[in-house]
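To start, the structure itself, in structure tokens.
Every number here is computed from the coordinates shown, using simple stated rules; none is lab data. This structure is a prediction, so every number in the text was calculated from the model and none was measured. FYI the Cβ positions are ideal-geometry reconstructions off the backbone, even for glycines, and counts take in every protein chain you see.
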Amino acid sequence: MAGRARVARWIVPIFFFLVLLAPPRARAGFLAEREVLPNGMVLLHAERTGLPIVKVVLAIKAGSVYDPPGKGGIANLTADLLNEGTTTRSSRDISDAIDFVGGSLGTSGGEDYVTVSLSVLKKDVSLGFDLLSDIVLRPAFKEEEIKRRRAIIKSSIIRQKEDPASVASKAFLKAVFGEHPYGSPVEGTEESLDGITRQDIVAFYESYYQPNNAIISVVGDIDREEVRALLKRFFVGWHRKEIATSPLPVAGRAEGPKVVKIQKDITQANVILGHLGISRENPDYYAVSVMNYILGGGGFASRLMDNIRDNKGLSYDVRSFFSANKFGGFFEAELQTKNATANAAIAEILKEMERIRTEPVTDKELKDAQSYLTGSFPLRIDSDSRIASFLTAVEYYGLGSDYVDKYKEYINAVTKEDVLRVAKKYLDPKNYVLVVVGNLEKTSLKY
Amino acid sequence: VKRAAIIISFLCVLFMPLVASALNVKEFRLDNGLKILIVEDHKSPTATFQIWYRVGSVDEKIGKTGLSHLLEHMMFKGTAKYGPKTFSQTIQRAGGIDNAFTTREYTAYFELLASDRIGLPIGMEADRMRNLILTPKAVLSERDVVMEERRLRYDDDPEKLLFQEVIAASFKDHPYRWPVIGWMSDLKTLDPEDLIAHYKTYYAPNNAVIIVVGDVSAKEVFAEIEKAFGGIPRGPAIKDAHGREDEQYGEKRIYVKKEAELPSVLITYKVPNISDRDGFALDVLAAVLSGGKSARLYNSLVYEKQIALSAWAGYEGLHRDPFLFFAAATAAHGKKIEDVEKSLLEELEEIKKASPSEREVQKAKNQIEASFIMEQDSISMQARTIGSFEMIGGWRLIDTYLEGIRKVTAEDVRRAAAKYLVADRKTTGILIPEGGVKK
């Protein structure tokens, strides 16, 4: 199958990064009921009838940003090991039980938080909560399972080296963030994984896997009383505990361009150009969203796509985005082009960055961006799965239960002057990191 | 974007789109031959509009491969009414997203947006069915874009390259053997005349199916579609071109040497499509082998023996002509591909000898049934499933399919394995890594 735009790489990142800024077209206000349980866990519940399924996302604020120095990858490994055995069930027991009912129970690492996601038919919801609670509350972290998963993750790290986009992305984050944890891969490195012991994992788990550090989102064909009863039955005995936090190192902006070139015998140069960005809490987040839509976030409506793909035929996939996390963020523009045209494509990225920070955008560009960002909201919460993830993010980033309505106001309040101001402030075509992975002889980089 | 360690080990059983039998599809047909399928789904205030044309890479000729996919790209280049570059921008301005994809048998265009704006894509799709403007300049520029897409997707991705090469070796005379995106040498020769001829032949109401799923009234949407598309004249009749694959005279084996980190193996077997009775057993076979972490391949190669990073099997039966059953694995770091291949084949031999357990078969069926229901969470997936079945013999096959799955026995699974997983249907490809990252 071949497609015109890279659905997987274009649509998904937009959902991932912009989902947080997209509100539902207010269908009578709230999307979900929120409640802080006695043990401190936040419960978000949305009952949706029509399909006999239940989706649960349990988020723990225990992402890679909390990896202790020298133990890179421990947050991801800890989450990964949850469904590899509990005090009463083996890894195989767990997978066989969930597979047998055609459900899924998966874990996923992340920078800020990790998630455990459950998807079951309504008739199997009790089994689902039983398994979910068991893996979160009573993981065994057996030595042999640690050994297995460490080897698998190491193999996948090695395999990532054959993906030029992944090689470029890792090099870029390292150059931009330096010692800040966002500069290290979520999954760790081959070396850092070797330094992690069972004791480290248990200690990490004890420190962060507490109810007052967790958010549970339950969406689907299940009412309030059923949710309460399930939580009471399966999460009993999970008590609140103090969470210790330590300050994170500060990532500083670099002076002058910093160029990282990586040789690979491939036909295209994979280019990433960018620098530090903003955190999710920055009040300019909304103006930045509008500005980036016009620059390179808006797919075929963006300047980068128009210039580099549509007019010059230099690239198939070109885009820019701001990744805004809790403790910081970054900006990047990325594309792939045949080695020989790398210089030309990089020059166009810099030109468009310079243009948007020196000339006001047109009225039409502003209006189109606002119209898309506000109008596309219903798409981001049009399924039980998407709603569960959305609720988790809204809660984690403290966006408020009225975010659904507020978002539209925030976006529509952005002016052309705001766009120019944030472009000047948050785009820097002089002090940037440029990563190029490709055939360096053929690219003959000027940068 | 950080790419966390995600192991793709058992996705294949999910590739087969599935839908609950109780899908309430309303079918209409216009005088000009256009078929319309509508499902009212009121869970969210959104809707998807999709138009599927019965044209794909199987309708191409040697020397002109990639034509259908390039035409798909050109469909976004504008008409007299909607100028160049405006298609996606207009949809996005309405808060929607749009895209398209080309496969071996069909080319589909879709929009997804708030349901009260469904009229917009209806008018725009009707317009570009007949009024596309193809300028030589735009064709040349978009050809370059497609060549970049090819470099990205195939030439620089070792596992995709292996896939391309194994398919090319599996078939010798069926058009399935070339990639949908086309061969690079052919892309360089595609010109505006080729595209215009392809467009005039295949982009007509009698060669298309419209699918709408979402928060709409079927009656109202149908009225809008009829108004927009009703006046388009029927195109010339299109010959139903089933491809033929000549007999295979023994096992085939190929190697791909490419800069990569881990070796991998990809095996294909020629199998019938889903309209054959054995198709159901082959689908259950794939689920028994790789439906989740508890299934045989993951459990044996990844968990117990710890020689593979991933291992999977999959049955691709949703094709017009007989296609392939896949079995594949990527070696774990430091493990030999010979050992991985041997273990993979041992699992296949095992299931040819002894029927799977009742529990394994029931688990596979439960998974297939559950995903029928799960996928209805997404209106896009629903529409896509309806389209995939419609393109190979009618959306009503969805019901037949589910019934067929329910009837499969453990012995059927063993028999299907023994019948089809044999040397004379087999092609094996091995990816041999060369070089690596150098700073």
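Brief remarks follow.
- Counting Cβ atoms of other protein chains within 10 Å of each residue's Cβ and taking the mean over peptide A:145-153 gives 3.
- Region B:355-418 and region A:244-301: distance between their alpha carbon centers, rounded to Å: 43
- Radius of gyration and Dmax over the Cα atoms of the protein assembly as shown, both given in Å: 26.4, 74
- For region A:408-447, the residues whose backbone nitrogen is under 13 Å from a point 7 Å from the Cα of residue A:343, taken along Cα to Cβ, are A:441-447.
- Relative contact order (%) - criterion: Cα under 8 Å, at least six apart; region: chain B: 25
- Packing-based exposure ordering (other Cβ within 10 Å, fewest first) of B:23, B:282: B:23, B:282
- One decimal place: the segment residue B:239-residue B:342 gains 32.6 nm when fully extended, by the rule 0.36 nm per residue minus the C-alpha distance.
- Share of pairwise Cα separations in chain A, more than 37 Å, in percent: 29
- Neighbouring Cβ atoms from other chains, within 10 Å of the Cβ of residues in B:151-159, number 6 on average.
- Full extension of the chain between residue B:201 and residue B:432 yields a length gain of 78.9 nm, computed as 0.36 nm times the residue separation minus the alpha carbon distance.
- Placing unit charges on the Cβ atoms of the charged side chains and taking the dipole of the protein assembly as shown about its Cα centre, the candidate lying farthest along the positive direction among A:444, B:57, A:128 is A:444.
- Neighbour net charge for residue A:320 - beta-carbon separation under 9 angstrom, K R +1, D E -1: -2
- Size of electric dipole in region B:34-171: Cβ of Lys, Arg +1 and of Asp, Glu -1, about Cα centre, debye, nearest 20: 540
- Per-residue Cβ neighbour rank within 10 angstrom, fewest leading, B:85, A:123, B:293: A:123, B:85, B:293
- Under the convention that each Lys and Arg Cβ holds +1 and each Asp and Glu Cβ holds -1, the size of the dipole of the protein assembly as shown around its Cα centre is about 1080 debye.
- Farthest positive-ward along the protein assembly as shown dipole, Cα basis, beta-carbon charges - from A:422, B:47, A:37: A:422
- Taking a straight line from the alpha carbon of residue A:408, these lysines sit under 29 Å away, with near neighbours fewer than eight places off in the same chain left out: A:55, A:61, A:326, A:364, A:367, A:416, A:424, A:425, B:2, B:43, B:85.
- Averaged over the residues of peptide B:93-104, the number of Cβ atoms from other protein chains lying within 10 Å of each residue's Cβ is 6.
- Remark: chain A carries a charge dipole of roughly 740 debye about the Cα centre, counting +1 on each Lys and Arg Cβ and -1 on each Asp and Glu Cβ.
- Highest-first arrangement of A:352-362, A:170-180, where packing means the average Cβ count within 10 Å: A:170-180, A:352-362
- Per residue convex hull volume, Cα atoms of region B:215-266, in Å³: 318
- The residue among A:169, A:107, A:435 whose Cα reaches farthest toward the positive pole of the charge dipole of chain A, with charges on the beta-carbon of Lys, Arg, Asp and Glu, is A:435.
- Region B:323-373: trypsin sites (Lys or Arg not before Pro) falling in loop per DSSP and having at most 12 other Cβ within 10 Å: B:336
- Per-residue Cβ neighbour rank within 10 angstrom, fewest leading, B:75, A:305: B:75, A:305
- Whole-number percent relative contact order across region A:107-193, with pairs defined as alpha carbons under 8 Å at least 6 apart: 26
- Radius ratio Rg over Rh of chain B, counting only Cα atoms, Kirkwood formula for Rh: 0.97
- Axial C-alpha extent at least 20 Å, average Kyte-Doolittle at least -1.0 - helices from chain B (DSSP): B:136-150, B:337-353, B:358-374, B:379-393
- Report summary: the helix-based calculation at 222 nm, which adds -39500 (n - 2.57) for every DSSP H run with n ≥ 4 and divides by the residues of the protein assembly as shown, gives -12000 deg cm²/dmol.
- In terms of the mean number of neighbouring beta-carbon atoms within 10 Å, the peptides A:79-86, A:401-408, B:234-241, A:150-157 order highest first as A:79-86, A:150-157, A:401-408, B:234-241.
- Taking chain A and dividing mean pair separation by its residue count, relative contact order in percent (alpha carbons under 8 Å, at least six apart): 24
- Global form of region B:261-337, assessed from the alpha-carbon gyration tensor, a/c cut-off 1.5: oblate
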